[in-house]
Amino acid sequence: MGSGSMDMMGPADEPGGAAFTFDRNTVDPAASGAAVALVVDGQGTPHVLYFSGGDEMVCNQVGTPTTYRPAKLWHATRVGGEDFVRREVSGNDAEVNGISAALDPKTDRPVVAYQGGKKGIDICAGSDMMLGRFDGVAWQRITVADRSTAGVGPVETSGDVVGVWSALAISKLGMWYLAWQDIHFGYAKDDFFKADLEFAAGPDGNLRTGEGVQQDGAGVYTSIAIDGKDRAVLAYSSHRDGGVTVAVRTAPGMWRVTRLFSGGQVVPSLAAAPRSGRLGLAYYDPELRLLRLRESDDGITWGPPDVVDRDGDVGRAVSLRYDSQDRPVVAYYRCGHYRPGQGCDPTTDELRVARREAELWRTARVEDGGEGACGAALSLWLTPDDRIHVAYQCTVFDHKSNQFRSQVRYARQQ
């Protein structure tokens, strides 16, 4: 069983539109929250998926020390009031390389994608592309792939480390789309520079693998959306070129790939507007250290970048959704003061949300974490009434132990 705590935050400071006010709860006071994913079902119940553990470990399985981050994947639901109930999704076999969650429209229950399962040939971590399906009581785990399923060339078609940076989406008609990165044996330089982005699709979880999207290191921080034509669209960074690339699935096995920009690795967040099907891409601009949004009608031609927020170093972590009026809503991490070689100053950072209203962005602080950091991992969900829900990691200072500790929290717009 979990415990919850609640506090309240005042309205947004900027004028115009309705005020954002949030209730906040602690989902798990002792989890790392190195990655989080959130869905809210049709009854308004939040389902938070997150990691505990995830500390970097050293593995000597290949004769040369390599690092990995084993973790346990958890599912937490709030069952009335403030308390959360927690269930295990996986054992300590999950690897902290992102998680992705979606609602199954047939059951109104969560599905989660992650890297886990059995250990790899040459690494100590779980190395399979895994799905978890919640039946209302417990989680059923399914292995989608346990080795490379696509690619051309001896490196691209070898190895067994798959499921990295998975991205899952399920259409209203029950078509499942799943993308993940294949890093082959998972430790050599070529494994990453020649990593490829793989894809599977099928109805009701009956996924057909073997489809390649792009090679050459593609598939870092992959995000997925379903456009107005029910096509899967992916946005991702790269081990080789960094930046952001967008791929549109024009037919089974056919992808139209557009590189938006190169540079350092960037975490993109992709979403589709429910009315128009218009695509939005939120991302961090590493040169100017601000948060941007670009939009497209087809996923190929993109409009000019809009600045969402430029107050500090903003957008290193970001999650995008569109509300029922096709307005983009973004949850993101505001670093505040970034110190080269030291990272973000936790006394100046915060978790924020922003919504575009009549070409202006209205922003609000969800939580600042006090002496700690909140929002370095986060996930946004909008319910049909356009209410904002965010699950996120917080690192808080424990005065009893005189140490910082991580926990998972959940905020709901009042």
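Throughout, read-outs are computed from the coordinates displayed, never taken from laboratory work. Predicted model, so just to flag it, every value in this text is computed and none were measured. All Cβ positions, even for glycine, are placed from backbone atoms using ideal geometry, and neighbour counts span all protein chains on display.
Within the listed set 217, 33, 44, the residue fluctuating most in the Gaussian network model of the chain (springs between alpha-carbon atoms under 10 angstrom) is 44. Entry for segment 36-266 at q = 0.13, 0.14 Å⁻¹: log10 I(q)/I(0) = -0.74, -0.85, Debye formula applied to identical alpha-carbon scatterers, no solvent contribution. Given DSSP loops and a limit of at most 12 other Cβ atoms within 10 Å, what is the longest stretch of the chain that contains no such GluC sites (Glu not before Pro)? Value returned for the longest uninterrupted segment is 57-286.
Scaling against 2.2 N^0.38 Å puts the C-alpha radius of gyration of segment 202-266 at 1.15. Normalised size of segment 210-322, defined as Cα radius of gyration per 2.2 N^0.38 Å with N residues, equals 1.01. Build a GNM of the chain with springs between Cα atoms under 10 Å apart, and of 305, 384, 105 the one that fluctuates most is 384. Enumerate the lysines that residue 194 could reach by cross-link, defined here as Cα to Cα under 30 Å, with residues fewer than 8 away along the same chain left out. Within the straight-line limit of under 30 Å, residue 194 reaches these lysines: 72, 118, 119. Full extension of the chain between residue 158 and residue 204 yields a length gain of 13.7 nm, computed as 0.36 nm times the residue separation minus the alpha carbon distance.
Over the chain, DSSP H runs of length four or greater, each weighted -39,500 (n - 2.57), average out per residue to a 222 nm ellipticity of 0 deg cm²/dmol. Note on residue 137 and residue 324: with the Förster distance fixed at 35 Å, the Cβ-Cβ geometry gives a FRET efficiency of about 0.65.
Each Lys or Arg adds one and each Asp or Glu takes one away; over the other residues whose Cβ falls under 15 Å from the Cβ of residue 386, this sums to +4. Listed by Cβ neighbour count within 10 Å, with the fewest neighbours leading, 119, 400, 106, 194 appear as 400, 106, 119, 194.
Just so you know, the Rg over Rh for segment 268-358 is 1.01, from Cα atoms, with Rh as the Kirkwood radius. Here the residues 237, 401, 324, 296, ranked from fewest to most Cβ neighbours within 10 Å of their Cβ, fall in the order 401, 324, 296, 237. Taking 167, 235, 251 as the candidate residues, the one with maximal mean-square fluctuation in a Gaussian network model of the chain, Cα springs under 10 Å, is 251. Only lysines eight or more places from residue 229 in sequence, or on another chain, were considered; those with a Cα closer than 16 Å are 172. When Cα Rg over 2.2 N^0.38 Å is computed from the coordinates, the matching label among [x] 0.92; [y] 1.04; [z] 1.54 is [x].
If R0 is 51 Å, the Cβ-Cβ spacing of residue 311 and residue 85 corresponds to a FRET efficiency of close to 0.85.
Among 224, 170, 183, 300, the order by Cβ neighbours within 10 angstrom, fewest to most, reads 300, 170, 224, 183.
Spatial offset of segment 344-384 relative to segment 200-247 amounts to 27 Å, using the alpha carbon center of each.
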